[in-house]
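A short reminder: the numbers here are calculations on the coordinates, not readings from a lab. A quick note: this is a predicted structure, and the numbers were derived from the prediction, not measured. Here the Cβ positions follow ideal geometry from the backbone for every residue, glycine too, while neighbour counts run over all protein chains shown.
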Amino acid sequence: MKPTLFVLAAGLGSRYGGLKQMDGVGPSGETIMEYSVYDAIQAGFGKIVFVIRHSFDESFKEFAGSRFAGKIPVETVYQELNYLPDGYSPLPEREKPWGTNHAVLMAKDVINEPFCVINADDFYGRRSFEVMSTFLQNVAGKTNQYSMVGFRIQNTLSESGSVARGVCSDDGNGYLATINERTHIERLADGIKYKDADGAWHEIPENNPVSMNIWGFTPDYFKHSEEYFKRFLDEHGKELKSEFFIPLMINHLIQNGISTVKILDTDAQWFGITYKEDKPIVVEKIRQLVKNNIYPDNLWK
């Protein structure tokens with residue numbers, strides 16, 4: 001059974017200033033997520049599912065159709081803030097949906113096989129998809145055996161400003177023990193640090209593993225998420241900016257002994273577009289990869 005790639009493409013890219021998922025960085029106008037799709041095809045994935053917003057449905061489908069038609073089956077699902085379990089509704093003042101794990105839930109009716117979740121605007125590298133594909137094929141038919149590709153934090157920073165990362169610790173046997181979402185991480189003069197809600201800075205070791213939102217799940221993950229999302233809404237549904245992050249779900253499953261998450265270690269250099277200033281850096285890195293024959297000049301020619 002071939003695994004599915006599930007691409008989180010519903011974010012509007014508020015810090016970047018537009019639909020960064022559809023911004024070309026390759027020599028033939030390829031987006032970052034096209035390189036992820038290309039790598040996933042090479043690694044043996046059998047289907048792509050995108051989660052988007054209805055507000056850019058037509059333009060996105062035109063984009064995806066022109067790139068991927070005939071290359072791999074594609075499906076589209078939608079994330080909106082009012083897509084909630086029966087009996088729940090958002091505050092009228094709320095503007096954005098409920099975060100990454102809410103987005104994952106949108107695919108529960110179209111994914112029935114092991115699947116990998118990624119961000120649309122992060123470049124992970126082919127090796128990430130190869131190790132994830134192998135893992136997912138090995139857990140087909142099983143439950144509660146999940147994974148994440150763990151990047152070293154020093155390889156995931158932006159030169160243009162702070163970043164948000166899921167900072168991880170392992171249990172000593174290669175499995176995830178905890179993951180904490182840190183929303184303001186920077187390299188300062190005295191090391192890599194994150195700023196907490198009170199404005200205090202805390203150091204993070206250079207090689208500490210972090211999640212870049214590349215996760216491997218089996219379909220039972222949807223049931224766990226549906227159940228816990230209701231609890232989340234009961235506790236945080238009246239907060240204007242509360243988000244049902246994947247790390248929140250993962251911590252619940254690990255701490256309650258429900259699931260394990262294997263850390264698939266990589267020393268790869270992540271890159272992506274968090275700010276407009278990041279784009280020239282990404283373009284140059286892609287150019288070098290093309291020059292070194294890692295990718296062709298035109299991915300889909």
> Of 39, 267, how do they rank once you tally other Cβ atoms within 10 Å and put the fewest first?
Replying inline: 267, 39
>> Mean-square fluctuation check for the chain, GNM, Cα pairs under 10 Å: which of 37, 282, 261 is largest?
In response: 282
> Counting GluC sites (Glu not before Pro) as exposed when in a DSSP loop with at most 11 other beta carbons within 10 Å, what is the longest stretch of the chain free of them?
Replying inline: 1-92
> Want the number for residue 173 to residue 197: 0.36 nm per residue separation, take away the alpha-carbon distance, what's left?
Replying inline: 5.5 nm
> Mind checking which aspartates and glutamates have their C-alpha under 14 Å from residue 238, skipping anything on the same chain fewer than 8 residues away?
Replying inline: 93, 95
> Under a GNM of the chain (C-alpha, springs under 10 Å), which listed residue has the highest mean-square fluctuation: 265, 86, 122?
Replying inline: 86
> Given labels modelled 7 Å from the Cα in the Cβ direction, how far is it in nm from residue 284 to residue 108?
Replying inline: 4.6
> Between residue 78 and residue 230, what is the spin-label point distance in nm, taking each point 7 Å from the Cα along the Cα→C-beta axis?
Replying inline: 2.5
> Treating the beta-carbon of each Lys and Arg as +1 and of each Asp and Glu as -1, no other charges, what is the dipole magnitude of the range 126-271 about its Cα centre, to the nearest 20 debye?
Replying inline: 340
> Where is the GNM fluctuation largest for the chain (alpha-carbon springs, 10 angstrom cutoff): 287, 165, 152?
Replying inline: 287
> Which shape class applies to the range 127-196: rounded if a/c is under 1.5, otherwise prolate when a/b exceeds b/c and oblate if not, where a ≥ b ≥ c are the square roots of the Cα gyration tensor eigenvalues?
Replying inline: prolate
> Dipole magnitude of the range 196-266 about its Cα centre, charges +1 at Lys/Arg Cβ and -1 at Asp/Glu Cβ only, in debye to the nearest 20?
Replying inline: 320
> Over the chain, what is the percentage of antiparallel beta bridges among all DSSP beta bridges, to the nearest 5?
Replying inline: 55
>> Treating only the Cβ of Lys, Arg, Asp and Glu as charged (+1, +1, -1, -1), what charge dipole size does the chain show about its Cα centre? Round to the nearest 20 debye.
In response: 580
> So what's the net charge close to residue 44: Lys and Arg +1, Asp and Glu -1, counting the other residues with Cβ under 9 Å from its Cβ?
Replying inline: 0
>> Using 32 Å as the Cα-Cα cut-off, could you pick out the over-long pairs in 195/279; 142/279; 241/276; 230/262; 47/285; 230/276?
In response: 142/279; 230/276
> Given (1) 1.02; (2) 1.11; (3) 0.94, which label gives Rg/Rh (Cα atoms, Kirkwood Rh) as computed from the coordinates?
Replying inline: (3)
> Given labels modelled 7 Å from the Cα in the Cβ direction, how far is it in nm from residue 93 to residue 184?
Replying inline: 2.2
> How do 91, 84, 105, 5 line up, fewest other C-beta atoms within 10 Å first?
Replying inline: 91, 84, 105, 5
> Put +1 on the Cβ of each Lys and Arg and -1 on the Cβ of each Asp and Glu in the chain; which of 133, 212, 183 then has its Cα farthest toward the positive end of the dipole?
Replying inline: 133
> Along the principal axes of its C-alpha atoms, what lengths does the range 1-130 span, in descending order and rounded to whole Å?
Replying inline: 43, 36, 25
